[in-house]
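The values are calculated or read from the model by the stated rules, or taken from the named source; none is laboratory data. Not measured: the values here are computed from a predicted model. Cβ placement follows ideal geometry from the backbone for every residue including glycine, while neighbour counts extend to all protein chains displayed.
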């Protein structure tokens, strides 16, 4: 009789736990399904719709947490073996509720208090007070989500049943993504108001990188200007060009390791400060050059390229070039109205066919930049589109920012927008592939590239990865005569007109070795270097019109077991067309 009673209790307990488990699964699944509508409401600036979605999510996650806090469930946590599964489910439920209650709710309050149109520079400036007021809520939400993410990361999924491990893994991935986004938002709220001029005007050296002549961070510095931000009001002045800065004598001192890799030209010419992919080095060097030339010390450096200008024009609409001097430069060959569709080809190709003199090319370039930033300052376009354009540029490493103020730079350095190759923004297993023009011309407009990582079989207990770079010169076969001498280089630097010479620079993870290089499948000599404990391989290739070559660098002794990541020089091509999916070698 006693045995029957025990069996009855066990049966009822099992059924009760099963019912609790079904409730948790149902409620969390429903909460997850509401994330899509929440995002849609936020994208439409529909605060009321977003509030309804958050309310429903909180109701669902609270029900799941209450089910996981059931006394019998808490007792089941102490069971041998099975207990760890009950514990993991309870932790997932609590984390989901914390994210909804301590993360989404404060964020929605901050979102609703901001006038997003007022955050975009315009005639009357930017509503920086609202952004500053929202900072504590954003920081609080970021902390709550990060704490939940850390709790879930401490659970050993290998010890769990597949039915529990799968939702745990999914929750971890989602929280990792959200944590990164919220940390970035919190950091932006922390430093942006001052950087936008809330405490006084800020002057930044604006560099427009010209992707037609590649440099590691994008392209040769073309047009320069001073971008002033005062209470969010934006203005552009002091238009100049890298060539007008002249030769630095004596050279600006730079990091000896980088000088060894990229030559002393780093500190000698403004056009070459970004031969290094490390933007903080390039930007601080450019700041010193500008000050030496003009006597003005800027508060930071911001870099964009014509592709970003195209993204912005898709939001603001076309801009017109009406200045008499620019009209005379453009003549009948260049458009007087620039749009998101024609600005890249105009600035990186057509201008060289229409204008022979570099100074006039720079003037046209600068005028376009002036008009684009004027359109932003006048509030043209919608805020959502403009923010999306800038965000896309930042994601593609086409927008780079450096602050001369140490405390601000310490925050910026945590993120990819810093353009750093060392420090907190670099993932443990990051690889970098960068391109520097060796033609002395504007032929990179015609070079098509793909870059791919190949995870090789481990050797001696260490990871091995090969970086494969394929480059094709798509210039016409008669490029030597059909393209302008300024574009081909006319052989001045020893490269036959129509051909392209490129220095390919590959970075591996910290403490790894660059062990071998191949050119079209054959081992070849290359230049090995070291930059802040990261191995670096350099190899120059030359491509005749229509020719393709493949370079491979193999990195070994990789101690990191994280998934490899790849960063490449942003070129004229879409980044998604350049970076191919990682290939995994078949190992026995």
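Exactly one residue out of 276, 316, 294 is farther than 23 Å from residue 572 by Cβ and out of contact with any strand residue (DSSP E or B) (no Cβ under 7 Å at 6 or more places or on another chain): that is 294. The criterion of at least 2 residues that are assigned by TED's automatic domain parsing to the domain that holds residue 289 and surrounded by fewer than 23 Cβ atoms within 10 Å (Cβ to Cβ) is met by the following helices (runs of 4 or more DSSP H) wholly inside region 344-463: 351-354, 358-377, 383-395. The residues listed here are 551, 538, 510, 495; of these, the one that is in contact with a strand residue (DSSP E or B) (Cβ under 7 Å, 6 or more places away or on another chain) and over 24 Å from residue 441 (Cα atoms) is 510. Among the residues of region 492-524, not one is assigned to a strand (DSSP E or B), over 31 Å from the mean Cα position of the chain (by Cα) and surrounded by 19 or more Cβ atoms within 10 Å (Cβ to Cβ). Out of all the residues in region 470-477, is one or more closer than 28 Å to residue 266 by Cβ, within 22 Å of the chain's Cα centre (by Cα) and not in a loop (DSSP other than H, G, I, E, B)? Looking for residues that are closer than 28 Å to residue 266 by Cβ, within 22 Å of the chain's Cα centre (by Cα) and not in a loop (DSSP other than H, G, I, E, B), one finds none in region 470-477, hence no. Identify all residues within region 222-267 that are surrounded by 21 or more Cβ atoms within 10 Å (Cβ to Cβ), modelled with pLDDT under 95 and within 23 Å of residue 503 (Cα to Cα); write none if there are none. Result: 222, 242. Filtered by the rule that a residue be over 17 Å from residue 427 (Cβ atoms) and either in a loop (DSSP other than H, G, I, E, B) or at pLDDT below 95 (or both), region 532-574 gives 544, 545, 546, 547, 556, 557, 569, 570, 571, 572, 573, 574.
The residue that is nearest to the chain's Cα centre (by Cα), among those in region 268-293 that are farther than 21 Å from residue 422 by Cα and buried (at least 19 other Cβ atoms within 10 Å of the Cβ), is 270. Inclusion of residue 277 among residues that are more than 17 Å from residue 225 (Cα to Cα) and either in contact (Cβ under 8 Å) with a residue 40 or more places away in the chain or in the same structural domain as residue 567 (by TED's automatic domain parsing) (or both) is warranted.
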